[in-house]
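Heads up, the thing below is written out as structure tokens.
The values are calculated or read from the model by the stated rules, or taken from the named source; none is laboratory data. Quick caveat, the model's predicted, so the values are computed rather than measured. Because the Cβ atoms are built from the backbone with ideal geometry, glycine has one as well, and the counts that use them run over all protein chains shown. Quick note on the areas: whole protein, heavy atoms, side chains included, nothing else; ligands and nucleic acids left out. Shrake-Rupley method; radii C 1.70, N 1.55, O 1.52, S 1.80 Å.
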Amino acid sequence: MAQYKMLDGNAAAVQAVSMAGVKVVSAYPITPQSPIAEKLSDLIAQGTLDANYIRVESEHSALSCALGAQLTGVRAATATASVGLALMHEICNAVSGMRVPLVMPVVNRALASPWSLWCDHQDSMAERDSGWLQFYCENVQEIYDLLLMAYRIAEHERVLLPAMVCFDGFFLSHSMQKVSVPGQDEVTDFVGPYRKKNYWLDPADPVFINDLISMEEFTEMKYQMMRGFEAAESVFQETAKEFESRFGRKIQMLEGYRTEDAETILIGMGSMTGTMKYFVNEQREKGEKVGAVKVTSFRPFPAKQMKALVQNAKRIAVFDRSAGLGAAGGPLFLETVSAVGGDRIIKDYIGGLGGRDVNPATIKRMYQDIQQAEAASDVPVWIDTKENPMEIREVLRYV
């Protein structure tokens, strides 16, 4: 029987991870993820969560220990943010390459330098090609729901890939919202027991794992991972359908919001998509044909679904909460352009970096700009910079 609880994003992640039946936790605290590591430790110390807690000295060790534990045949848990995820980079690739379906909450925070404690998506975007599924949350309820779904999707025998469930630091991690939490029996029945597949460690049957291989096999092993990503799209949809039938909430890889007759479509990820929907509603009341697309699954990126959702739009504005430095646009923009083609006006907008709020005024500026555009552009618009951005600090005074 479901009950409502007031939880912030970190607490919702703890709730889902503990109810999924993890048996080993190795997490290292880092703002704004620290409450996840702390609360999981508390639950184990209190006997509420039947698991072992491993004290580690870094995020690199945290993921290494979780990897080793899950290879023994149990679900393991860790969580991280920002430079902690960057320190995990080597092991992120090891986890995916060994096809270990570990699920990890990632609380999005900007990467240094300069240092910031606040949200953007540059940390997880730096890992977008490391072989992990990546799901992005709009609200606290989705953190809980997507974590439960992630276990089913990642562990599916056709997928066998690790998953990051990403949510915006402070905007969601420390935002208290009402969350529907099913009973433990319902969650256990949905997630199911952990079953060892592919690689696992067994002293009675020793094997080499993550060993040095020749060029004769490397490409084929990466090809196998690609097939796992291909399967993940249909497995996500199957899992979402079952989740909705059990718990009454619909989770989609892409959510089209008032897109049916929209001539202009705004695209985004994470907590700011709620603001996009709010803006769309305001404009609809004025007679404007505008809609929004919320991207939940960035990896795998559902290109065919995106193309179908925006097929009638004349103008598309993509909001990237990561800088995409040195490229023709941010990661979400590049994926969108690749999916929909260049036969319409499409532009990228960079904003919300380092915790800067993405408010309705920001969305309005983006909308007004795309409405005035006469052609597509491969030069991103930094939509929320201050009036004289080159005058900040002294480091560029000679440029």
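Some notes on this structure:
- Each Lys and Arg Cβ is given +1 and each Asp and Glu Cβ -1; about its Cα centre, the chain then shows a dipole of about 640 debye.
- Cα gyration tensor of the range 25-65 - equivalent ellipsoid semi-axes, whole Å, descending: 17, 13, 6
- For Phe218, solvent-accessible area (1.4 Å; no DNA, RNA or ligand), Å²: 120
- Projecting the Cα atoms of Thr275, Phe319, Tyr367 onto the charge dipole of the range 254-382, computed from C-beta unit charges around the Cα centre, puts Thr275 farthest toward the positive end.
- The range 234-278-the range 312-371 distance, computed between alpha-carbon centres (Å): 18
- Environment charge of Ile213, counting only residues whose C-beta is closer than 12 Å and scoring Lys/Arg +1, Asp/Glu -1: -3
- Using the Karplus relation 6.51 cos²θ - 1.76 cosθ + 1.60 with θ = phi - 60°, the per-residue 3J(HN,Hα) values for the range 180-187 come to 7, 10, x, x, 4, 4, 5, 5 Hz, with x marking Gly and Pro.
- Long-range HN-HN contacts of Val381 with modeled amide H, under 5 Å: Asp348, Tyr349, Ile350
- Average Cα contact separation per residue, the chain, under 8 Å, 6 or more apart, as relative contact order %: 16
- The convex hull drawn around the Cα atoms of the chain, when projected onto a plane and averaged over every direction, covers 21.8 nm².
- Heavy-atom accessible surface of the chain: percent carbon and sulfur, 1.4 Å: 51
- Computed 3J(HN,Hα) for the range 305-318, one whole-Hz value per residue from the Karplus formula 6.51 cos²θ - 1.76 cosθ + 1.60 where θ = phi - 60°, is 5, 4, 4, 5, 5, 9, 4, 9, 7, 8, 9, 10, 10, 9, glycine and proline marked x.
- With both labels modelled 7 Å from their Cα along Cα-to-Cβ, the Glu157 to Glu238 distance reads 1.0 nm.
- Ellipticity estimate at 222 nm from DSSP helix runs (n ≥ 4, -39,500 (n - 2.57)) divided over the chain, nearest 500: -12000 deg cm²/dmol
- Electrostatic tally near Phe298: other residues with Cβ closer than 9 Å to its Cβ, Lys and Arg +1, Asp and Glu -1, net +1.
- Label point distance in nm, Met6-Asp202, each placed 7 Å from Cα along Cα→Cβ: 5.0
- Solvent-accessible area per residue, Å², over the chain with all protein chains present [probe radius 1.4 Å]: 46
- For the range 219-281, the dipole from Cβ point charges (+1 on Lys and Arg, -1 on Asp and Glu) about the Cα centre works out to 280 debye, to the nearest 20.
- Heavy atoms of His174: accessible area, 1.4 Å probe, square angstrom to 10: 90
- With a cut-off of 15 Å between beta carbons, the residues surrounding Thr31 carry a summed charge of -4, where Lys and Arg count +1 and Asp and Glu -1.
- The alpha carbon radius of gyration of the range 241-399, expressed as a multiple of 2.2 N^0.38 Å, is 1.09.
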